[in-house]
Amino acid sequence: MGLLNQARVKTEKIIDILYEPLKEKLGKKPKTYRKLARKNYLQVAKKRRPSRKQRRRAIRKQLQYVKRNLSNIEQLIQAGASLEVLSSSQYKSLLVVAEVFRQQQWMYNNKTSRVEDRIVSLSQPHIRPIVRGKAGTPVEFGAKLSVSLRDGYVFLDRIDWNNFNESGDLKAQVEAFKEDTGAYPESVHVDRIYRTRENRAWCKERGIRISGLPLGRPPANVSDEKKKQAKEDERVRNGIEGKFGVAKRRFSLNRVMAKLPHTSQTAIAITFLVMNLSTLLRQVFAFFCASNSPHIFFGSVIYQDYD
């Protein structure tokens, strides 16, 4: 409902701009009912918990207003108005509003809240809702990343605005490691979603140990060695989770202010670049401390962790 209200306001501004050169020719401006439309929107938007029926009725009204505005814009164009008087952002907004109206009308007619490539923001139409199921934030908005951690450095392997299954990226990430180093890794430490039968078989063929217990029912008796190995693998894997936390808390990855998709991707990539430069700086500092003062505990510990 709020998205349709924003679409209505944008189409009203576009009508005003297109009507101005044709004011003398047409005389009366096409009706938009903007005051009534805003009143109908606020009647439901100000309610704390509107019912499903009230929300659906409000959506139907906003759809009617947006449809009338789009029809008026088409009539103005047929009367001689040129879209060249619109700025690039206004023209883009017009295209986005038309697609939003199509999606919202389809969802209203079919009584559903899902549609392919659903637009949830007029200013950032490339963003898609991603259901994560986390406590407090079941749905997240933004780019989805697939990254790998190697020797303390973070590699941005994939970035996409649509939801995807990250388990399909494991093979490409391992092959990228082989291309850089000339050999496959001894082991890969992954989350549960990566531990598919296909990925396990692929790693086994190449002599790569994948972290985690085998698939299927847990065995009744697990040796202490396997338990220790699984615990150690999970401890190593926590490093990538920590990198995400550092990126969000210290390097503002959770506050990407860019609006365009390519500028947002650039900002995200630069964030990981700065993180890697910070890691390299710590390694240089640790090496300097270890070479000059080998008995300093702080320097020797850092040097040991990052060597």
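FYI, it's all coordinate maths here, none of it is from the lab. The model shown is predicted, which means the values in this text are computed figures rather than measured ones. FYI the Cβ positions are ideal-geometry reconstructions off the backbone, even for glycines, and counts take in every protein chain you see.
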Choice from Gly216, Gly133, Gly207 showing the highest fluctuation, given a GNM over the chain with Cα pairs closer than 10 Å: Gly216
Sparse-neighbourhood loop sites, GluC sites (Glu not before Pro) in the stretch 62-141 - DSSP loop, at most 12 other Cβ within 10 angstrom: Glu116
Read-out Rg/Rh (Cα atoms, Kirkwood Rh), derived from the coordinates shown; its label in (i) 0.96; (ii) 1.03; (iii) 1.13: (iii)
Theoretical FRET efficiency, 1/(1+(r/R0)^6), r = Cβ-Cβ of Ile77 and Asn254, R0 45 Å, to 0.05: 0.60
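Sorted from fewest to most neighbouring beta carbons within 10 Å, what does the list Cys289, Cys203 look like?
Working: Cys289 17, Cys203 22.
Result, fewest neighbours first: Cys289, Cys203.
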Interchain or long-range residues, amide H under 5 Å from Arg209's placed H: Ser187, Val188
Listed residue pairs exceeding 31 Å between alpha carbons, taken from Lys178/Lys243; Lys28/Lys111; Lys35/Lys144; Lys171/Lys226: Lys28/Lys111; Lys35/Lys144
DSSP beta bridges in the chain [antiparallel fraction, %, rounded to 5]: 85
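Give me the number: length gained by fully extending Arg282 to Ser121, i.e. 0.36 nm times residue separation minus the C-alpha to C-alpha distance, one decimal in nm.
Numbers: separation 161, 0.36 × 161 = 57.96 nm, distance 4.02 nm.
Net length gain for the segment: 53.9 nm.
Give me Thr271, Thr11 sorted ascending by neighbouring Cβ count inside 10 Å, so fewest comes first.
On the way: Thr271 19, Thr11 25.
Going from sparsest to densest Cβ surroundings: Thr271, Thr11.
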The chain, relative contact order [Cα under 8 Å, separation at least 6], %: 12
Over the chain: helical MRE at 222 nm, DSSP H runs n ≥ 4 each giving -39500 (n - 2.57), nearest 500: -19000 deg cm²/dmol
Using alpha-carbon coordinates, inclination of helix 170-181 to the longest axis of the chain, degrees: 60
Table column - 3J(HN,Hα) (Hz), the stretch 70-86, Karplus curve with 6.51, -1.76, 1.60, x for Gly and Pro: 5, 5, 5, 4, 5, 5, 5, 5, 5, 7, x, 5, 10, 6, 5, 6, 7
Vicinal HN-Hα couplings computed from phi for the stretch 19-35 (Karplus, 6.51 cos²θ - 1.76 cosθ + 1.60; Hz; Gly/Pro x): 6, 4, x, 9, 4, 6, 6, 8, x, 7, 6, x, 6, 10, 6, 5, 5
Inter-site label distance for Leu95 and Glu225 at 7 Å from Cα along Cβ, in nm: 6.2
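Provide the FRET efficiency to the nearest 0.05 for the Arg209-Phe164 pair, computing r from the beta carbons and using R0 = 22 Å. Don't jump to the answer; show the numbers that get you there.
Working: r = 26 Å, r/R0 = 1.17.
Given R0 = 22 Å and the Cβ-Cβ separation, E is 0.30.
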Candidates Lys243, Lys134, Lys39, ranked by Gaussian network fluctuation over the chain, Cα under 10 Å, top entry: Lys134
Gain upon complete extension [Arg38, Trp202; 0.36 nm per residue less C-alpha separation]: 53.2 nm
Förster radius 51 Å - calculated FRET efficiency between Arg52 and Lys178, Cβ distance, rounded to 0.05: 0.40
Fewest-first sequence of Val120, Val97 by Cβ atoms within 10 Å of each Cβ: Val120, Val97
